[in-house]
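A short worksheet on the structure shown next.
The values are calculated or read from the model by the stated rules, or taken from the named source; none is laboratory data. Computed from a prediction, not measured in an experiment: that's the story for all the values here. All Cβ positions, glycine included, derive from the backbone under ideal geometry; neighbour counts span all protein chains shown.
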Amino acid sequence: MTAAPHFYARRLRRPGAVLAPMAGYSDAPMRQLATEQGALWTVSEMISARGLMSGGDSEKLNLGRPYPGEAERVVQLFGAEGEVLAAAVARAEAWFAPAALDLNMGCPVPKIRGRGGACLLQTPEVAYELVRAMKSATALDVSAKIRLGWDHDRSLEVAQGLEAAGAALITVHGRTSAQRYTGEADWEAIARVAAAVKVPVVGSGDVTTPDVARQRARTGVAAVMIGRGAVGNPWIFRALATGQDERPGPQERACTALRHAELQEQFYADPTGRLTLRPLRKVLPAYLPDFPELREALVNVVTVQDVRAALRPLLEERPDRQGAPGGDAAGYAVGHS
Ligand SMILES: Cc1cc2nc3c(=O)[nH]c(=O)nc-3n(C[C@H](O)[C@H](O)[C@H](O)COP(=O)(O)O)c2cc1C
């Protein structure tokens, strides 16, 4: 795995979409499935720079640790102090072999807010210093992911400041922090940012199907990022990388749901499976939204064996039952954990 600068420019030569950072979701197993289906790159869940420097408990290591062979994963850090972020960049580079480092400037959760995240949109000059500090600690690309603003759109000013500070790429989630996840992402505002800076801009918000992604890609962004729409649906990345839009039938989706559970078990290496599969309970039904009768069993799994048992009717193939193609994970309950 060679860490090299200009990661984003190289990846952007290909068609495709980016897997969004999602706390509680974009862990190594989800990233692996997305990468296998052609995601341009993936982004880790946000990792506290302070947490990383204060010893790195096993949870923090899991947040940053790559799966074997993982090479196209950006590590996202949040923090508010330059020297801590610079040290965390060096540590993340040594421990996690990232392809690039990203600064979180979008998280609206109160416990994060006081220390960074979307709070930085109120004091963007602090964020510019943070990007400079991060860059001083690495030769890798440093990027930032912003929302439009704190409670009003100041994304042009912030993006231009980040560009001047040396950010290699800027991702814009088209909502203010005050909006959290309500309303619709404002892709016109994202397009204005893309037109106002020279560095590539990635657009984020409400992309749930390949067609919507293609429409959004025409707004002038360098690439489209997909979060909730990729939960239980890694094939959305295949569609955008290859043009093969059709979502697989129920058997293949059930096989992939089972594989997700197996990857989860391998990555977290918890022999009881008890802690390991709990976070997947919210994910597994999204693979099979057209089989509501399986939901109850899937949200109660404890072991991989339980997942296999719940999916057995589909794994054994039922030619009498065709799943609706293009099932949609967009209705997924959102709680920025
Ligand atoms: C459960 C959840 C967790 C998220 N965690 C992060 C995070 O750790 N870092 C970040 O920059 N954005 C985070 N986001 C925001 C997403 O990256 C993305 O910008 C947002 O969900 C809009 O895209 P979507 O409509 O495709 O989901 C999170 C969103 C969700 C729903």
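General observations
- Scanning segment 219-253 for residues that are in contact with a strand residue (DSSP E or B) (Cβ under 7 Å, 6 or more places away or on another chain) and either of a type in the set (S, T, N, Q) or not assigned by TED's automatic domain parsing to the domain that holds residue 145 (or both) yields a count of 1.
- Pairs with Cβ under 7 Å, 6+ apart, first in segment 76-92 and among the basic types (Lys, Arg), second within 16 Å of the ligand (Cβ to nearest atom): 91/52
- From 100, 90, residue being more than 13 Å from the ligand (Cβ to nearest atom), of a type in the set (Gly, Ala, Ser) and crowded, with 24+ Cβ neighbours inside 10 Å: 100
- Among the residues making up segment 10-21, those that are aliphatic (A, V, I, L, M) and either part of a helix (DSSP H, G or I) or within 10 Å of the ligand (Cβ to nearest atom) (or both) are 17, 18, 19, 20.
- Residue that is nearest to the ligand (Cβ to nearest atom), among those in segment 56-69 that are closer than 21 Å to residue 103 by Cβ and either modelled with pLDDT of 95 or more or in contact with a strand residue (DSSP E or B) (Cβ under 6 Å, 6 or more places away or on another chain) (or both): 63
- None of 172, 197 is away from the ligand (no atom under 14 Å from the Cβ) and either farther than 23 Å from residue 151 by Cβ or of a type in the set (A, V, I, L, M, F, W, C) (or both) except 197.
- Considering (1) within 14 Å of the ligand (Cβ to nearest atom); (2) over 20 Å from residue 196 (Cα atoms); (3) of a type in the set (S, T, N, Q), the lone condition that residue 155 does not fulfil carries the number (2).
This table checks each residue for (1) farther than 30 Å from residue 179 by Cα; (2) at pLDDT 95 or above; (3) more than 24 Å from the chain's Cα centre (by Cα); (4) not assigned by TED's automatic domain parsing to the domain that holds residue 212.
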position: 260; (1), (2), (3), (4): yes, yes, no, yes
position: 268; (1), (2), (3), (4): yes, no, no, yes
position: 276; (1), (2), (3), (4): yes, no, no, yes
position: 286; (1), (2), (3), (4): no, yes, no, yes
position: 294; (1), (2), (3), (4): yes, yes, yes, yes
position: 326; (1), (2), (3), (4): no, no, no, yes
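- When the test is whether a residue is without any contact (Cβ under 8 Å) to a residue 24 or more places away in the chain and not in a loop (DSSP other than H, G, I, E, B), residue 202 does not pass it.
- Here segment 217-246 is the region considered, the condition is being touching a Pro at 6+ places or on another chain (Cβ under 7 Å) and buried (at least 22 other Cβ atoms within 10 Å of the Cβ), and the residue that is farthest from residue 289 (Cα to Cα) is 240.
- Members of segment 116-148 found to be modelled with pLDDT under 95, more than 23 Å from residue 73 (Cα to Cα) and in a loop (DSSP other than H, G, I, E, B), listed by number: 122, 123
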